[in-house]
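Take this structure first; my questions come after.
The values are calculated or read from the model by the stated rules, or taken from the named source; none is laboratory data. Worth saying up front: this structure is predicted, and the values here are computed from it rather than measured. A quick note on method: Cβ atoms are made from the backbone with ideal geometry, for glycine too, and the neighbour counts reach across all protein chains shown. Heads up: the accessible areas ignore ligands, DNA and RNA and are worked out on the full protein's heavy atoms, side chains in. Shrake-Rupley method; radii C 1.70, N 1.55, O 1.52, S 1.80 Å.
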Amino acid sequence: MKTKLFLKSLLVILLIIAITPATFSQDKKLPNIVILATGGTIAGEGSSATGSSYTAGKIGIESMIDAVPNIRKLANLTGEQTVNVGSQDISVAVWITLANRINELLAKDDVDGIVITHGTDTQEETAFFLNLVVKSEKPVVLVAAMRTSTALSADGPLNLYNGVAVAASAEAHGKGVVVVINDVILSAHAVKKMLTTPVHAFMSPEHGQLGTANFGLVEFFHEPHGVHTVNSDFSMDGIKELPRVDIVYGCADMSTDLIDIMIKAGAKGIIIAGVGDGNMNKGTLEAAKRATASGIPVVRATRVPVGAVLIHGEVVDQDYGTVSSDELNPQKARILLMLALQKDKDMSREKLQELFIKY
Ligand code: ASP
């Protein structure tokens, strides 16, 4: 009887030992993630739960974290308020502050990843800039929301939850800067805001999504396109500001003096959001030729939402000294040109074209 009891107790003890590692693994040290908050609709407050009028950048980072159930189970979180603005007011100065802080944080052994809360309007630009100047393989994730924190069915809390899950995941290492929104993971190179107000506004029409984040379940399916982060030729070394680069929007019968006006105002480079395949009317082409002849680079992007601009398509770039933006939309092409000019203000047309193909 005693032996039976002993054997039974032994079995129970063995069982406890067998299940203990699983129990411990749930308690294992969580990754340390820093959330840098910049404002946007995710931190916005509306006049009512169903009204469309609101002010972006009202809620502080601590309240945002506290509004997300179970988020502290994913990671040890620290929040920093970088700025609190609508992303229409994000400036080069904010990019520089963010990039320097991210590089500083990610160099620390006790920081495993970064989440940036941001407005949706210029989110792809901040993501692309950081993708070129962050020097770490650790995850950097931008999250945003299409609905304010006070709206009916606010999307911010789940986006933040998924963003932290991606930043805390081993799979996100080496993927460059990513955007997590509406359950998808999109690369900084490919992400575009395609719709003005619905929650599925963000897509990567040329390359598709890198993966999904579903209530914290992170899955990556693809590698990002383009060189980024630790392999980028760019860095924050010595960057205090960036040269002015302006965007000219193409249309039928467009004013042909816009390029000259911008250069007169101080632009060191011009991006054309051209019609079709980076096209523009004759007068603007002549203005582009004048600009490139005087050493001001002109890059042909397109106002068409999806697709690359062909090098030597209907416009033969060599004839005008212009460069094709390849896959970069005008706003991302502007960032690459600013960084390129900051590195070498006399960069040759050929070298510049190589950069647009590479990034
Ligand atoms: N204007 C807002 C912003 O970009 C829009 C948003 O976040 O959805 O900050």
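Has segment 122-143 got at least one residue that is among the hydroxyl-bearing types (Ser, Thr, Tyr) and more than 23 Å from residue 339 (Cα to Cα)?
No, the conditions are met nowhere in segment 122-143.
Would you tally the residues in segment 331-359 being of a type outside the set (D, E, K, R) and open to solvent by 10 Å² or more (accessible area, probe 1.4 Å)?
Looking only at that region, the number is 8.
Within segment 130-139, does at least one residue satisfy the condition of being on the phi < 0 side of the Ramachandran plot, open to solvent by less than 30 Å² (accessible area, probe 1.4 Å) and within 16 Å of the ligand (Cβ to nearest atom)?
Taking every residue of segment 130-139 in turn, none turns out to be on the phi < 0 side of the Ramachandran plot, open to solvent by less than 30 Å² (accessible area, probe 1.4 Å) and within 16 Å of the ligand (Cβ to nearest atom).
Kindly list the number of the only condition in (1) open to solvent by 10 Å² or more (accessible area, probe 1.4 Å); (2) away from the ligand (no atom under 16 Å from the Cβ); (3) not small (Gly, Ala, Ser) that fails for residue 121.
Failed condition: (2).
Yes/no per residue for (1) surrounded by fewer than 20 Cβ atoms within 10 Å (Cβ to Cβ); (2) touching a residue at least 60 places away in the same chain (Cβ under 8 Å); (3) in contact with a helix residue (DSSP H, G or I) (Cβ under 9 Å, 6 or more places away or on another chain):
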{"site": "216", "(1), (2), (3)": "yes, yes, yes"}
{"site": "220", "(1), (2), (3)": "yes, no, yes"}
{"site": "238", "(1), (2), (3)": "yes, no, yes"}
{"site": "248", "(1), (2), (3)": "no, no, yes"}
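Against the condition within 16 Å of the ligand (Cβ to nearest atom), surrounded by fewer than 18 Cβ atoms within 10 Å (Cβ to Cβ) and free of Cβ contacts under 8 Å to residues at least 40 places away in the same chain, how does residue 81 come out, does it pass? Explain how you work it out, then say what you get.
Numbers: within 16 Å of the ligand (Cβ to nearest atom): yes; surrounded by fewer than 18 Cβ atoms within 10 Å (Cβ to Cβ): yes; free of Cβ contacts under 8 Å to residues at least 40 places away in the same chain: no.
It is false that residue 81 is within 16 Å of the ligand (Cβ to nearest atom), surrounded by fewer than 18 Cβ atoms within 10 Å (Cβ to Cβ) and free of Cβ contacts under 8 Å to residues at least 40 places away in the same chain.
Continuing with this model, one more query. Can you pull out every residue in segment 45-59 that is small (Gly, Ala, Ser) and surrounded by fewer than 15 Cβ atoms within 10 Å (Cβ to Cβ)?
47, 48, 49, 51, 52, 53 - these are the residues of segment 45-59 that are small (Gly, Ala, Ser) and surrounded by fewer than 15 Cβ atoms within 10 Å (Cβ to Cβ).
Something else: Against the definition (polar (S, T, N, Q), touching a helix residue (DSSP H, G or I) at 6+ places or on another chain (Cβ under 7 Å) and at negative phi), how does residue 212 come out, yes or no?
For residue 212, the condition - polar (S, T, N, Q), touching a helix residue (DSSP H, G or I) at 6+ places or on another chain (Cβ under 7 Å) and at negative phi - is not met.
So which helices (runs of 4 or more DSSP H) are wholly in segment 265-349 and hold at least 2 residues that are under 25 Å from residue 203 (Cα atoms)?
In segment 265-349, 330-343 are the helices (runs of 4 or more DSSP H) which contain 2 or more residues that are under 25 Å from residue 203 (Cα atoms).
When residues of segment 222-236 are filtered for being exposed (fewer than 14 other Cβ atoms within 10 Å of the Cβ) and touching a residue at least 60 places away in the same chain (Cβ under 8 Å), how many remain?
2
Return yes when residue 99 is touching a helix residue (DSSP H, G or I) at 6+ places or on another chain (Cβ under 7 Å), closer than 15 Å to residue 167 by Cα, more than 15 Å from the ligand (Cβ to nearest atom) and at pLDDT 95 or above and no when it is not.
no
Could you figure out which of (1) of a type in the set (D, E, K, R); (2) modelled with pLDDT of 55 or more; (3) over 30 Å from residue 244 (Cα atoms) isn't true of residue 27?
The one condition residue 27 does not meet is (2).
Is there a residue in segment 163-172 that is buried (at least 24 other Cβ atoms within 10 Å of the Cβ), within 16 Å of the ligand (Cβ to nearest atom), closer than 28 Å to residue 53 by Cβ and more than 18 Å from the chain's Cα centre (by Cα)?
No - not one qualifying residue is present in segment 163-172.
Can you spot a residue in segment 108-116 that is away from the ligand (no atom under 16 Å from the Cβ), under 20 Å from residue 215 (Cα atoms) and open to solvent by 10 Å² or more (accessible area, probe 1.4 Å)?
No - not one qualifying residue is present in segment 108-116.
So, one more: Output the residues belonging to segment 250-276 that are open to solvent by 20 Å² or more (accessible area, probe 1.4 Å) and either under 27 Å from residue 126 (Cβ atoms) or of a type in the set (Lys, Arg) (or both).
Within segment 250-276, 258, 262, 263, 264, 265, 266, 268 meet the criteria.
Something else now. For segment 220-246, how many residues meet the condition of being hydrophobic (A, V, I, L, M, F, W, C), closer than 25 Å to residue 303 by Cβ and in contact with a Lys or Arg (Cβ under 6 Å, 6 or more places away or on another chain)?
Of the residues in that region, 1 qualify.
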